[in-house]
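Some notes on the structure that comes next.
The numbers here are math on the coordinates, done by the rules we state, and not lab data. Everything quoted here is computed from the prediction, not taken from an experiment. Every residue, glycine among them, receives a Cβ derived from its backbone with ideal geometry; neighbour counts consider all protein chains shown.
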């Protein structure tokens, strides 16, 4: 508040308030006594009351925060504060006069009218200020010239709900935004013909093309962040037919704070066509395992790891340890957390999980209580050609991390797994399945020793936009004019957004008691060929004519479709509609010991076929494929 006293505008508004308070009191007398206020008796009473009443009201205005708001953004909350101040001032005045002289010579109705007029005058002044700022044509020095107005794009907003209203309000308030709203479209019949901030809801969404012509719209905005997949596909088709640019607001799952902003407008992406509903998070439970704790995220610079970090900082951990072997990725998430999220309680550890001495020092010094293990090699053809690296990074690095976690009493260890671990046909999937077995083996070991670490895994499919996703590849191929390469027209995959996957990982982490493999509900599998066609159309091109699609055949280790559960795993529902849990029986560490020793020797000798054969002994469902590694059998 002390900074307010230094501003000229504050003193100007205070002076106007004083004049309005005097005017309200005089007008109250004029209304009560039919305009006769200049008789000696009345002027005496006014001169006695005003010196007390004016300071009282100003002090109450201050106490109720009337002078803390920015007047150009006067809101209902500000008006409510003014009402409270006026009501309290009225009661204090009436009570004071009643106690002093029982209203002898004073009219009660004058003070009731005074409180009412004070509210109307002060509110009217604040609303006038807001209107003055918003309607800049009232101020010659702020008036838009015709060239500036012409540069604004005429925007037709699809949707007339809360999101559309907030977008309209921000466009109206922020004159720097290059938009002029021409109207709204909505399928809700009751809304058609109504107005939002003075702009009409013109008609149904199906008539987009007609209203684009009528309003001379230059751009379309889809402001229905909760639209289903079918709704979004329909709207996108209608927008594309209009042959003008169209954008959308992100889905509600991305808007963590549930605040829709014009700043969040972006091009329609394939993620919008998935149409997945927002994730229900039990924030209290997640906060219970993260707030005030030291949390370690391995692979913190990767797609899932970095999004996990973004989600975790919301729950105010005492320290967040970011561990990654890639310098650039680690630097990017470090700078993002620092500058975009304002989070400073982090430690950036550049190193590999395979480094046993580094893990010992790290755990000894920081004592993490929750570990999210997202570091892994996950590119199927790459690991297929370098299977020894998959063994080192996915199996033995995870084993070392689990060992040190158990030894230092970590509360929860969450392994990030993959649907490729189900009936694997490639080394990457087989190594991740082996890691799941290790997780269950460590769980049995700590239970037997009475230790408290809860080991669990979360298994899910492909993540849109991740470094291993086909989306970035398809986009790049489209930018270069094609062709877009698809392995097989019938290939299907499960997809979810990075945000959704990370949020569900956090939710699953609260539910584990030890040994569970949580499965995220992935929706309906998507044909990769159809995905390529949709992306080409979203980029404003036509598949097969402007952009060619070429089918190249399955790559080493790939299979036609992915699964989320395998034979013998009992799937059980949980209290969360998007999370299931598997209760399959895992192998003990003793059972795995001999195979681990063999794998270590085979990896040291870069024996690709031997690695596959040994993995097949431990994982009977593993159907290895004949594929050449980067090193010949020596």
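Multiply the residue separation of residue 335 and residue 545 by 0.36 nm, subtract the distance between their alpha-carbon atoms, and state the gained length in nm to one decimal.
This chain segment gains 71.3 nm when fully extended.
I need the shape label for the range 477-529. Rule: rounded when a/c is under 1.5, else prolate if a/b > b/c, else oblate, with a, b, c from the alpha carbon gyration tensor.
Prolate.
Evaluate E = 1/(1 + (r/R0)^6) for residue 11 and residue 127, where r is the Cβ-Cβ distance and R0 equals 25 Å; express this FRET efficiency to the nearest 0.05.
0.75
Using Cβ contacts closer than 10 Å as the measure, can you line up 57, 578 from fewest to most? Each step should come with its number before you reach the end.
Values: 57 27, 578 20.
Ordered by Cβ neighbours within 10 Å, fewest first: 578, 57.
Which of rounded, prolate, oblate describes the range 167-230, given a ≥ b ≥ c as roots of the alpha-carbon gyration tensor eigenvalues and a/c under 1.5 marking rounded, otherwise prolate only if a/b is larger than b/c? Don't skip to the answer; put the middle values down first.
On the way: a/c = 1.45, a/b = 1.34, b/c = 1.08.
Rounded, since a/c falls under 1.5.
Determine, from the Cβ-Cβ distance of residue 361 and residue 621 and an R0 of 35 Å, the FRET efficiency 1/(1 + (r/R0)^6), rounded to the nearest 0.05.
Numbers: r = 39 Å, r/R0 = 1.11.
Between residue 361 and residue 621 the formula returns 0.35.
Going 7 Å from the Cα of residue 154 toward and past its Cβ, which residues in the range 205-231 have a backbone nitrogen under 11 Å from where you end up?
211-219
Quick one: plug the Kirkwood hydrodynamic radius of the range 328-379 (C-alpha pairs) into Stokes-Einstein at 25 °C, 0.890 mPa s, and report D in µm²/s. Spell out each step's value before the answer.
Values: Rh = 12.9 Å.
It comes out at roughly 191 µm²/s.
Multiplying the sequence separation of residue 291 and residue 600 by 0.36 nm and subtracting their Cα-Cα distance, what value in nm do you get?
On the way: separation 309, 0.36 × 309 = 111.24 nm, distance 3.86 nm.
Contour length minus the Cα-Cα distance gives 107.4 nm.
Using a Förster distance of 35 angstrom, determine the FRET efficiency expected from the C-beta separation of residue 572 and residue 411, and round it to 0.05.
On the way: r = 23 Å, r/R0 = 0.66.
The calculated FRET efficiency here is 0.90.
Counting other beta carbons within 10 Å of each residue's own, what order do 419, 114 fall into, fewest first?
On the way: 419 23, 114 26.
Fewest to most other Cβ atoms nearby, the residues stand as 419, 114.
Averaged over every viewing direction, what's the projected area of the C-alpha convex hull for the range 370-419? Give it in nm², one decimal, please.
3.5
For labels at residue 210 and residue 284 in the simple 7 Å Cα→Cβ model, what's the distance in nm?
Those two pseudo-labels are separated by 5.1 nm.
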